[in-house]
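Right, I'll just put the structure down here and ask away after.
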Amino acid sequence: MYIVQIASECAPVIKAGGLGDVVYGLSRELEIRDNCVEIILPMYDCMRYDHIWGLHEAYRDLFVPWYGGTIHCSVFCGWVHERLCFFIQPHSGDNFFNRGHYYGSNDDYMRFAFFSKAALEFLLVSNKRPNIIHCHDWQTGLIPVMLFEIYKWHGMWQQRVCYTIHNFKHQGIAGIDALWGTGLNNDLYYLNYDRLQDNFNGSAINFMKGGIVYSNYVNTVSPHHAWEARFSDIGYGLGHTLEIHQHKFGGILNGIDNNIWNPSTDNHIPYHYDKDNLKDKVWNKKALRERLLLQDCDKPIIAYIGRLDDQKGVHLVHHAIYYALNRGAQFVLLGSATNQEINNWFWHEKHHLNNNPDCHLEIGFNEELAHLIYAGADMMVVPSNYEPCGLTQMISLRYGTVPIVRGVGGLLSTVFDRDHEADRPPEERNGYVFYQTDPHALESAMERAIGLYYEYPDEFKKLVTQGMSCDYSWNNPGDKYMEVYELIRDF
Ligand code: ADP
């Protein structure tokens, strides 16, 4: 099958979070299964060019219709760790992708409406006719809309769209003027409850809703989160739309790329290990301590890696730091915040804890350090408010780092409490789960984990090994996506 992924991220060249990992990992898995996969991305000025091999201009003069005229673009092509990627570079005064960041501009909805238009125009004029166009999150929600309303009439009537929602919180809600450049020119038609009208704000359009309404199949990234999105407020207002389109909506758990996240080959860690040779994990712990200037002692290291955002339960992350320190553990945090208040708060904590030999807070994004923390830590806290899938707990399991998670979304589908998971036999349990959002719930789970570490080290080691035996690779999700593609493709 010929599959084109269109997204705003692809790791490691463009990565702000899990979306980038998923686009890369899924593409790789699909290629292993003999599909032809191409990825279309914006050409951001700040992406990691050092991860692209053979970058060259593939299409010089792509004229993308925009408002009454056109915007001249170039399309570059290169391999990102063996995946074929096309990067769209507009030459216009808007400087859509030369902002020094991926997201966070006031005109983000314009930037990604343009990117979506340009990606379709590129497929059209370069005669690419994939069986499946796979779009991700609000940034590409207009693609199925334009495909069905415009490009179908230009010869792209056989293309089918799978639309994956990684986070319902960001939906791309904008004024109707967001459509004016794209050629979707009938305000009354689109500003309709059955099409793009936002379910709360009747005078706004919603990119993600457009993606749901117009795609052939829609999924979010875990079965449990698919349920939450329909039946709780986690769908952020799109629950009714999902209800209407339930016949084409489901949940497919993400995987992790076992090639990248592999403690027995990982280039970013000094000592390789696996579940049959676990003793070398401790050398990574020493290396992590050296790198972060923590004291060398027999305490466990508890870590947090992730965005510092309300979604991730920052108040509980903050509480976990102090609880760990009081309870005789060390704490390492690697996180970045786009919210200024949260950023200031954690910088303040960083200064406050600066001289503490048991704690290091690293504020920023650092892929290499993340690998070392996964390998060197003993436990990972993931106290999210909501979590569509979550990759950190799966990566932690792979690196023998015991996850302590809140039981929501994908966390509930991947982590099984050592003491309380009645539905699983003891040998399939792999971590600790708590449910409430208050500090006591978190404390009780951390207490059980730290207690096991100190008092029953052999049992703790057994839990680590059980976690490392879990298979959260792309193998299973790869099957599921192939089933979806087969279901919707046009023969
Ligand atoms: P989300 O997509 O909501 O940010 P996920 O758990 O799905 O969360 O994916 C997070 C991914 O981003 C993981 O690969 C994690 O290791 C990585 N990550 C998150 N924050 C950082 C950071 N500050 N530095 C390095 N990697 C990070």
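The values are calculated or read from the model by the stated rules, or taken from the named source; none is laboratory data. Computed from a prediction, not measured in an experiment: that's the story for all the values here. When we count neighbours, we look across all protein chains shown, and the Cβ atoms used for this are built from the backbone with ideal geometry, even at glycine.
If residue 375 meets every condition in (1) of a type outside the set (Lys, Arg); (2) buried (at least 21 other Cβ atoms within 10 Å of the Cβ); (3) assigned to a strand (DSSP E or B) apart from one, which number is that one?
(3)
Return only the number of the condition from (1) of a type in the set (Ser, Thr, Tyr); (2) away from the ligand (no atom under 13 Å from the Cβ); (3) assigned to a loop (DSSP other than H, G, I, E, B) that residue 322 does not satisfy.
(3)
While we're on this one: Looking only at segment 376-415, which residues are over 17 Å from residue 261 (Cβ atoms) and in contact with an Asp or Glu (Cβ under 9 Å, 6 or more places away or on another chain)? Walk me through how you get there before you give the answer.
Step one: list which residues in segment 376-415 are over 17 Å from residue 261 (Cβ atoms), which gives 378-379, 381, 383-388, 404-409, 411-413.
Within segment 376-415, 385, 386, 388, 405, 406, 407, 408, 409, 411, 412 qualify.
So which strands (runs of 3 or more DSSP E) are wholly in segment 41-137 and hold at least 2 residues that are over 25 Å from the mean Cα position of the chain (by Cα) and closer than 27 Å to residue 167 by Cα? Give the derivation first.
Values: elements: 52-66, 69-80, 83-90, 132-136.
Fully inside segment 41-137 and qualifying: nothing.
If you don't mind, there's one more thing I want to ask. Would you mention how many residues in segment 336-372 are of a type outside the set (D, E, K, R), at pLDDT below 95 and assigned to a helix (DSSP H, G or I)?
Of the residues in that region, 0 qualify.
Okay, next question. Inspect all residues belonging to segment 385-405 and state whether any of them is assigned by TED's automatic domain parsing to the domain that holds residue 433, within 11 Å of the ligand (Cβ to nearest atom), surrounded by fewer than 16 Cβ atoms within 10 Å (Cβ to Cβ) and at positive phi.
no
Can you name every residue in segment 398-431 that is in a helix (DSSP H, G or I) and either closer than 18 Å to residue 18 by Cβ or acidic (Asp, Glu) (or both)? If you could, list the steps in order and put the result at the bottom.
The first filter runs over segment 398-431 and keeps only residues in a helix (DSSP H, G or I), leaving 398, 409-414, 426-428.
Matches in segment 398-431: 398, 409, 410, 411, 412, 413, 414, 427, 428.
Please return the ranges of strands (runs of 3 or more DSSP E) entirely within segment 152-268 where 2 or more residues are in contact with a His (Cβ under 8 Å, 6 or more places away or on another chain), closer than 26 Å to residue 479 by Cβ and among the β-branched types (Val, Ile, Thr).
Details: elements: 160-165, 173-175, 204-206, 217-220, 249-251.
By residue number, 160-165, 217-220.
For residue 73, indicate whether it is under 20 Å from residue 102 (Cβ atoms) and loosely packed, with under 15 Cβ neighbours inside 10 Å. First the steps, then the outcome.
Numbers: under 20 Å from residue 102 (Cβ atoms): yes; loosely packed, with under 15 Cβ neighbours inside 10 Å: no.
Spelling it out, it is not the case that residue 73 is under 20 Å from residue 102 (Cβ atoms) and loosely packed, with under 15 Cβ neighbours inside 10 Å.
Does segment 163-201 hold any residues that are touching a helix residue (DSSP H, G or I) at 6+ places or on another chain (Cβ under 7 Å) and of a type in the set (Ser, Thr, Tyr), and which are they?
Listed by number, the residues that qualify are 163, 182, 190.
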